[in-house]
Amino acid sequence: MNARRGLLWLWLALATTLCGCKEDPPCICDCLTPDVCIVLCPEDIGPPPVDLAGETDLSRDPQPQDAEPDPVLDLVDAAEPGDADLEDAEDLADAEDLAEIPDADIDPTDLGDTGDLSPPDAEDMADAEDMPDVSDAVQEDPDALQEPGDLEPSDLDAAADGDQDLGPTCDLVDGLDWGDAGDPGTSVWYWCPTADEYVGGDWPYRLQVTESALYCGTFDESRTLEQEWERKAMLRFIEGTYPLPAVNGTYEFLLPLCFRFLLPDSQPEVDGTGTLVANHSASPGGVQYSFQYTQPLLDADEERWTFQMGLMGSLGAGQSSITLDGKHLGMTDTYFYNMLCLGDCTSWEDVRYFDSCLFDGVRTDRHIIAFSGGQVTLDLRIGVSMASTEPGIFYQASGQLDGESFTQQKYFDLIYNPTHHHFSRDFAVLFEQEINCSCGLRIEEVIPWPENPETPLPIVHTMDCDLARRESREVSLHQLIQIMP
């Protein structure tokens with residue numbers, strides 16, 4: 001009986017999280033349809049079972065009404081969106097308003113001026129007629145964007161250089177055992193091959209690989225936040241100059257490269273030579289080149305992996321060099337893709353794509369969210385796409401929690417998952433050290449049209465080291481600043 005009652009309480013908690021229906025505690029409200037709700041109280045189903053696993057909180061219920069209000073909550077009354085005119089950018093929160101936020105640690109100079117930016121074009125979304133007609137704040141000065149310090153490839157490599165000291169009293173669920181991934185001061189991981197291990201021929205074209213040729217695993221809208229974290233990976237091409245064939249055909253080939261996975265020593269490594277298919281065609285004034293590279297790999301558990309790379313573009317008369325430098329190529333004349341598959345890329349059991357770790361030169365969406373006990377700023381860089389969800393990277397987060405500041409720029413500690421075209425956005429930020437018995441923050445259901453009074457506020461939880469939710473934090477403010485390159 002207790003087990004059945006426990007399952008019912010868990011179902012109600014999850015349903016309440018999904019639909020957003022609310023009722024005064026201790027009763028629980030659930031949505032049968034978007035317009036029809038039911039309310040169940042403890043006397044209807046009995047008390048919830050004891051949670052023996054910890055303090056994970058699946059509820060979206062706000063803080064009790066008699067709770068001591070946090071100073072941040074006085075900023076905006078979430079229940080009264082105000083009289084903002086969505087067509088007048090002056091009604092949006094500006095830097096002077098944010099400067100009055102106690103303990104928010106928001107630099108007014110970072111916010112810039114607000115401008116008028118139309119919502120997504122109808123051709124870019126399946127249900128454009130349902131999208132709100134609102135404007136986003138736009139900052140035109142790229143210099144105002146806080147860059148991640150003197151960010152070098154070696155900085156990106158250092159995902160986490162040891163276990164976090166969480167203290168004996170926090171009762172946190174442990175995260176992953178990071179282990180030692182090599183000297184964090186070097187650009188190349190110790191398991192990587194050397195440039196001398198290249199296999200090819202005395203060919204006229206040249207692939208120039210720079211020291212910055214580091215690529216990061218991309219997000220996938222079909223995953224959860226936990227799955228995004230588990231499948232994070234980095235791809236490094238080893239610096240060097242490698243000949244490529246000018247004559248069409250299939251060749252034995254090995255391009256020195258290596259991977260880094262979230263779990264230490266779980267990454268696959270090069271296993272023998274691969275194949276390179278060249279399929280070029282003449283063009284006015286030059287050649288349209290096409291290379292398809294397939295490389296077998298093997299991990300420590302003897303599981304087979306396959307890496308596939310495509311490189312297509314044009315070379316003018318007298319040109320012979322192609323460069324890989326870690327940049328996002330976007331919609332240019334050069335097409336470049338990288339795909340790593342468990343198996344032979346036919347089962348789609350575990351497929352990981354790679355793109356730039358920095359995404360320089362694209363728009364940055366900066367979400368500023370204030371909640372009880374703190375605030376967080378999330379910087380998301382988003383590229384362009386003709387049809388699919390736009391590529392990008394969640395590359396920086398900062399803020400305060402319960403009086404302590406945090407900043408995070410490490411790829412493996414910044415987790416992101418969008419819905420289609422980023423219409424809703426979920427984030428997770430792992431701290432360098434625990435704050436008030438929390439390993440990080442989960443910020444979910446971030447809708448990129450906060451100016452619309454009908455847009456719900458994001459959902460914020462503190463979390464354990466395995467990303468499990470711990471404590472709900474009531475959100476009082478959400479602002480989006482779009483920073484153009």
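Rg/Rh for the range 384-485 stands at 0.97; both radii use Cα atoms, and Rh follows the Kirkwood definition. Distances between placed amide hydrogens fall under 5 Å for Ser266 paired with Phe261, all partners being 5 or more residues away or on another chain. When Arg366, Arg236, Arg304 are arranged by Cβ crowding within 10 Å, least crowded first, meaning fewest neighbours, the order is Arg304, Arg366, Arg236.
Taking θ as phi - 60° and the Karplus parameters 6.51, -1.76 and 1.60, the scalar couplings of the range 307-321 work out to 10, 10, 10, x, 9, 9, x, 10, 10, x, 4, x, 8, 8, 10 Hz in sequence order, x denoting glycine and proline. Over all orientations, the range 201-282 has a Cα convex hull whose mean projected area works out to 7.7 square nanometres. When the Cα convex hull of the range 188-356 is projected onto planes of every orientation, the mean area is 10.2 nm².
Maximal additional length on extending the Gln288-Glu432 stretch stands at 47.1 nm, based on 0.36 nm per residue less the C-alpha distance.
Listed by Cβ neighbour count within 10 Å, with the fewest neighbours leading, Ser388, Ser438 appear as Ser388, Ser438. Residue exposure proxy: Met386, Met463, ordered by other Cβ atoms within 10 angstrom of their Cβ from fewest to most, comes out as Met386, Met463. Across the range 227-238, computed HN-Hα scalar couplings (Karplus, 6.51 cos²θ - 1.76 cosθ + 1.60, θ = phi - 60°) run 5, 4, 5, 4, 9, 5, 7, 10, 10, 10, 8, 7 Hz from first to last residue, x flagging Gly and Pro.
Loop-located GluC sites (Glu not before Pro) across the range 446-485 with a Cβ neighbour count of 13 or fewer within 10 Å are Glu454, with loop assigned by DSSP. Computed from the Cβ-Cβ distance with R0 of 56 Å, the FRET efficiency linking Asp196 to Asp402 stands at 0.60. Sequentially through the range 189-197, phi angles give Karplus couplings (6.51, -1.76, 1.60; θ = phi - 60°) of 6, 5, 8, 6, x, 9, 4, 5, 7 Hz, Gly and Pro residues having no value and appearing as x.
For Leu214, the amide hydrogen comes within under 5 Å of the amide hydrogens of Gly326, counting only partners 5 or more places away or on other chains and with H modelled in the peptide plane.
State the Cα centre-to-centre distance between the range 245-320 and the range 442-485 in whole Å. About 40 Å separates the Cα centre of the range 245-320 from the one of the range 442-485. Placing pseudo-labels 7 Å out from each Cα toward the beta carbon at Asn279 and Glu221 gives an inter-label distance of 2.8 nm.
Round to the nearest 0.05 the FRET efficiency obtained for Ala246 and Glu390 when R0 = 41 Å and r is the Cβ-Cβ distance.
0.70
What per residue convex hull volume, in Å³, comes out for the range 303-439 when only alpha-carbon positions are used?
Cα convex hull per residue, to the nearest whole number: 166 Å³.
Coordinate-derived values only; no laboratory data. Everything numeric here is computed off the predicted structure, so don't read it as measured data. Don't worry about glycine lacking a Cβ; one is built from the backbone with ideal geometry, like all the others, and counts go over all protein chains shown.
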